[in-house]
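Structure first, then comments.
The values are calculated or read from the model by the stated rules, or taken from the named source; none is laboratory data. Predicted model only: the values in this text are computed from it and were never measured. No Cβ is skipped: glycine too gets one built from the backbone with ideal geometry, and neighbour counts run over all protein chains shown. SASA here: full protein model, heavy atoms, side chains in, ligands and nucleic acids out. Shrake-Rupley method; radii C 1.70, N 1.55, O 1.52, S 1.80 Å.
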Amino acid sequence: MRLWLGILLAWSLMALAGVWLGEADTGVHLERMLAGPSPDGWLGFDELGRDVALRLLAGAHNSFQVAVSVVALSAAIGTAVGLVSGYFGGWVDRLISGVIDIFLAFPGLLLAIGMAAVLGPGLENVVIALVTVGWVSYARLARAQALSLRRREHVLAARALGAGTGRILLRHLLPLMLAPLGVEMSFGVAGAVISEAGLSFLGLGVQPPEASWGSMIREGTRYMLVAPHLVLAPGLALVLVVLAANRLGDAWRDRLDVKQSEVHP
Amino acid sequence: MSRLLRFAVHLLFTLWAVGSLVFLALHLIPGDLVSVMLGEGATAADRAALRAQLGLDLPLWQQYVNYFSGLLHGDLGQSLLLKRPVAELILERFPYTLELALLALALAVLISLPLGVAAAVHAGRWIDQLAMGVSLLGVAVPNFWLGPMLILLFSLWLGWLPVSGADQPWAWVLPAVTLGTALAAILTRMVRASLLEVLHEDFLRTAAAKGLGRQRQLWRHALPNALLPVVTVLGLQLGTLLGGAVITEVVFDWPGLGQLLIESIQRRDYPVVQGVMLVVTAAYVIVNGLTDLLYGWLDPRVRLT
């Protein structure tokens, strides 16, 4: 558990370091083109002689930014929509559920690819594309939770005492669904990191000379036989972060799900 | 019968909604599509000409009606660069994507079923821990990294399999493995979890009390029940599979719909982009609907509620 938290912490520190990177990672030095790992550059250099370790930091910065924005925006939008849908029920619920179903009708990544294609490349557009896909799962979760919570005694009591709808939603329903939403969010981080890298791999995300782990893998595949470190470094970073976020989500979910832990101790 | 009718109505509604959303996305998103397609150097006359060619000079509702009446006749428009009907291009590429998806699916089922069953039966033992470890990794390794790694190992270093393309004899192996791995990992976890739950049910205790052998309990009684929820997940996971196919096809230069989609995005050939999005999504919606139907047929409890 500590290991996974440590990886996520390292990722965020790398992202932070990326802020002060400036132009350091985009400098071209052809004399050290495709050079392997050495004391000068622990992870070697790419086809333009750029330091892979510095590119990795810049990539961490971008993936972290995208992941945090996508998860925060998707969770906020999805939770708000789901809360309203589940709490009010009736035609509001039917309408919102219909919209959710339509979004679910698209294969996830395909919708993001389509959005990115229409919006054009760039970090912000990647965020918009991924939020378009991502809010739905939070909405479904919040709706299901609100449906089961709205008849609870404490909600009825609050309503009988004259609490407004906003207060009931925010103070009496939302706090009870924070834990499952948190689980969803940690899986969301893993999903956003993979999706950003995937879009950048396809050339629809972060644009050169800026670094993304996905575009680093894409560029590295051309030199795989002579310089495998170009593909190995960003790939391993990606796998570790995704693994860590997934494990964290798993652990959190198992802790909440008493029934599961009884079945297999 | 009423179930089939409801299914058909729901399917048509979803297809209409999906079609409308794709239409709206391409027409209402900020930025002028025609300027984007033609690039910076285009004159006002060029833009007007392309606009007229695409029917973009008509009022929005008229475009919408034309678009849907075209769809009903199987007309997905004309590619701007290749000057060929979009439907024709899609039909040409579709068999490749179907082949890749089916191979990946088959592979995933063949791996996950025995692995998931073994993990559940020996829960907590080494084989379970191994299966769970492998499946964790399988979910976390993105296909755009797995693919190049497999190429590096099996094509470049060992020289056993072709690097890319679809013409050579064993060319499908690496793409299918790349695409199928994540699905295999997810299904393994599903099969294990589902079977573990069923193994603790009363009817199995009854079966055991009646003196049924271990194997018969497992294969005849537990597994069929455990696989029901897996079927639903399989339908939903097809969406992930189709999205993953886009990336896998790009990695391996596989001439399917995903590659056509990305090529068309790069060429700003928006009618083709729109057509591929629609066809792939429609395929996904239909397969998902059929999975639901299948689920109802497999499990009478669903039909009653």
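The calculated P(r) of the protein assembly as shown, using every Cα pair and 10 Å bins from 0, goes 3, 15, 25, 27, 19, 8, 2, 0, 0 in percent. Summarise the accessible area of chain A (1.4 Å probe, protein heavy atoms) by the percent that is carbon and sulfur. It is 65 percent, rounded to a whole number. Projected onto their three principal axes, the Cα atoms of region A:186-229 cover extents of 37, 19, 14 Å, largest first. By accessible area, using a 1.4 Å probe on protein heavy atoms only, region B:153-253 has 61% of its surface on carbon and sulfur.
Rolling a 1.4 angstrom probe over the protein heavy atoms with all chains in place gives chain A an accessible area of 46 Å² per residue. Overall, the ratio between the Cα radius of gyration of chain B and 2.2 N^0.38 Å, rounded to two decimals, is 1.23.
Converting phi to 3J(HN,Hα) with the Karplus coefficients 6.51, -1.76 and 1.60 and the offset θ = phi - 60°, region B:53-62 yields 4, 7, x, 7, 7, 7, x, 4, 5, 5 Hz in sequence order, with x at every glycine or proline.
Close amide H partners of residue B:75, meaning residues 5 or more places away or on another chain with modelled amide H under 5 Å apart, do not exist here.
Here the relative contact order of region B:92-298, from alpha carbon pairs under 8 Å that lie six or more residues apart, stands at 27 percent. Entry comment: accessible area of region B:48-192 is 51 Å² per residue, from protein heavy atoms only and a probe of 1.4 Å. Exposed loop sites here mean chymotrypsin sites (Phe, Trp or Tyr not before Pro) with a DSSP loop assignment and at most 15 other beta-carbon atoms within 10 Å; chain A contains its longest site-free run at A:43-265. The residues of region B:109-149 occluded by other protein chains by 20 Å² or more of accessible area, set against the chain on its own, are B:136, B:137, B:139, B:140, B:142, B:144, B:145, B:148, B:149; surface from heavy atoms, 1.4 Å probe. Scalar couplings 3J(HN,Hα) for region B:214-231, obtained by applying the Karplus form with A = 6.51, B = -1.76, C = 1.60 to θ = phi - 60°, are 4, 4, 5, 4, 5, 7, 8, 10, 7, 4, x, 6, 5, 7, 4, x, 5, 4 Hz; x denotes Gly and Pro.
Computed over the alpha-carbon atoms, region B:33-75 gives an Rg to Rh ratio of 1.08, Rh here being the Kirkwood radius from the mean inverse distance. When all alpha carbon pairs of region A:118-173 are counted in 10 Å bins from zero, the resulting P(r) reads 21, 32, 20, 18, 9, 1 %. Mind checking the angle between helix A:123-149 and chain A's longest principal axis? C-alpha axes, 0 to 90 degrees, to the nearest 10. It works out to around 30 degrees. Sequence-distant contacts, meaning Cα pairs under 8 Å at least 6 residues apart, place the relative contact order of region B:194-254 at 37 percent. Within region A:148-181, find all residues whose amide N lies under 13 Å from a label point positioned 7 Å from the Cα of residue B:13 along Cα-to-beta-carbon. Taking a point 7 Å out along Cα→Cβ of residue B:13, no residue of region A:148-181 has its backbone N under 13 Å.
Applied to region A:3-11, the Karplus parametrisation 6.51 cos²θ - 1.76 cosθ + 1.60 on θ = phi - 60° returns per-residue 3J(HN,Hα) values of 4, 5, 4, x, 5, 5, 5, 4, 4 Hz, with x for Gly and Pro. Using only Cα coordinates, the Kirkwood hydrodynamic radius of region A:47-255 works out to 18.6 Å.
Computed with the Debye formula from one identical point scatterer per Cα of region A:1-89, without solvent, the log10 of I(q)/I(0) at q = 0.10, 0.12, 0.13 Å⁻¹ comes to -0.42, -0.54, -0.59. Rounded to the nearest 100, the interface formed by chains A and B buries 3700 square angstrom of accessible surface, both chains summed, with a 1.4 Å probe. Mind pulling the angle between the C-alpha long axis of helix A:52-88 and the longest principal axis of chain A? Nearest 10 degrees, somewhere in 0 to 90. It is inclined by approximately 10 degrees. Would you mind classifying region A:137-265 by shape? Square roots of the alpha carbon gyration tensor eigenvalues, ordered a ≥ b ≥ c; an a/c under 1.5 is rounded, otherwise it is prolate if a/b is larger than b/c and oblate if not. Taking the square roots of the gyration eigenvalues as a ≥ b ≥ c, region A:137-265 is prolate. The label-point distance for residue A:225 and residue A:95, in a model that sets each label 7 Å from Cα toward Cβ, rounds to 6.1 nm.
Return one quarter of the surface area of the convex hull spanned by the alpha-carbon atoms of region A:199-255, equal to its mean projected area, in nm².
The number I arrive at for region A:199-255 is 4.6 nm².
Based on the Cα atoms of region B:14-167, what semi-axes does the equivalent ellipsoid have, where each is the square root of 5 times one gyration tensor eigenvalue, given in whole Å with the largest first? The three semi-axes for region B:14-167 are 46, 21, 16 Å. Accessible surface of region B:33-75, 1.4 Å probe: 61 percent of it comes from carbon and sulfur atoms. Kirkwood analysis of the Cα pair distances in region B:113-263 returns a hydrodynamic radius of 17.3 Å.
Cα convex hull, region B:224-305: 97 Å³ per residue, rounded to a whole number.
Axis of helix A:229-256 versus longest Cα principal axis of chain A: the two differ by about 20°, to the nearest ten degrees.
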